[in-house]
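The values are calculated or read from the model by the stated rules, or taken from the named source; none is laboratory data. No experiment lies behind these values; they were computed from the predicted model shown. Reconstructed Cβ throughout: ideal geometry from the backbone, glycine too, with neighbour counts over all protein chains shown.
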Amino acid sequence: MGTDKFMQASLANKSVVDRIVDQITNAVINGELKPGDKIPTEPELCETFRVGRNSVREAIKILAAYGVLEIRRADGTYICQEYNYKMLYPILYGIILQRDSQKQVVELRKVIDVGILQEAMKRMGKEEFHQLKMVIREMEEEVHKENPSSRAIYDTDVRFHAVLTSVFANNLLESIGYYVDKITRQSRILTVEYILENGHQEEFVELHKEILDVLCKKDERLISAVIEKHYKYWEK
């Protein structure tokens, strides 16, 4: 397999475990290890890195937790062949731990939504338009209740964006959307509560109708403005 080729360079300021993780990951990125490949055995990795078994085992555990490696008992350790949602964990944890995580998440979601609308308007069919209209109708019914639920309104907002993402049939994109929803759930529910308390619920529904209208018009020039407007409450 030529283990020496992809196991040479390492950064001196990183721990042994981190260096092993980096080099195996880089080997996958560079195509030196491919999905389904069996990686070298623990003794071979120990010899290549000139480290003990504990370091190698720890690195393998980390990569397995990230969904990069699959440990098959009595068979060996393999590069995973399919996308695994766990691969997003390091990125998401990094975002959460940032000082300005809320601002960064909003910016991330904006960029994603602009791209989604640009492509969705090319791919959406009658079924997706019907689903979006039904979600907006549910949202409208909820905000008009005597005691509207902020969680129920939030759920309709999540479903609205999920319909847009679904047209791609892209696991990675759906996973990013799911986890962004997960880590922003509380702040978005608080945003809906603010909207209800200040009587802006009609405008909140209208913001979703405007997105639907832009999709119907298939005019990409309107996308950035409608997304910017859509996030004005959440950014506060």
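Listing for the model above:
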read-out: Residues of segment 143-198 satisfying the condition of being closer than 17 Å to VAL106 by Cα and of a type in the set (A, V, I, L, M); value: VAL158, ALA162, LEU173, ILE176, VAL180, ILE183, ILE189, LEU190, VAL192
read-out: Helices (runs of 4 or more DSSP H) fully within segment 100-178 counting 2 or more residues that are of a type outside the set (Ser, Thr, Tyr) and within 14 Å of the chain's Cα centre (by Cα); value: 101-123, 150-166
read-out: First in segment 82-93 and charged (D, E, K, R), second anywhere and modelled with pLDDT of 70 or more and loosely packed, with under 14 Cβ neighbours inside 10 Å, Cβ under 8 Å, 6 or more apart; value: GLU82/PRO35; LYS86/ALA65
read-out: Which listed residue, of GLN8, GLN81, is of a type in the set (S, T, N, Q), in a loop (DSSP other than H, G, I, E, B), in contact with a helix residue (DSSP H, G or I) (Cβ under 9 Å, 6 or more places away or on another chain) and modelled with pLDDT under 90; value: GLN8
read-out: Selected residue [surrounded by 13 or more Cβ atoms within 10 Å (Cβ to Cβ), modelled with pLDDT of 95 or more and touching a helix residue (DSSP H, G or I) at 6+ places or on another chain (Cβ under 7 Å)] from ILE176, ILE116, ILE153; value: ILE153
read-out: Residue in segment 207-230 that is polar (S, T, N, Q), modelled with pLDDT of 90 or more and under 22 Å from LYS103 (Cβ atoms) present; value: yes
read-out: Close pairs from segment 136-162: first without any contact (Cβ under 8 Å) to a residue 24 or more places away in the chain, partner outside any loop (DSSP other than H, G, I, E, B) and surrounded by fewer than 18 Cβ atoms within 10 Å (Cβ to Cβ), Cβ under 7 Å, at least 6 apart; value: GLU142/ALA152; THR156/GLU138; VAL158/ASP181
read-out: Of the criteria (1) within 25 Å of HIS230 (Cβ to Cβ); (2) touching a residue at least 60 places away in the same chain (Cβ under 8 Å), which one GLY115 fails; value: (2)
read-out: Yes/no for CYS80 being within 21 Å of SER175 (Cα to Cα) and hydrophobic (A, V, I, L, M, F, W, C); value: yes
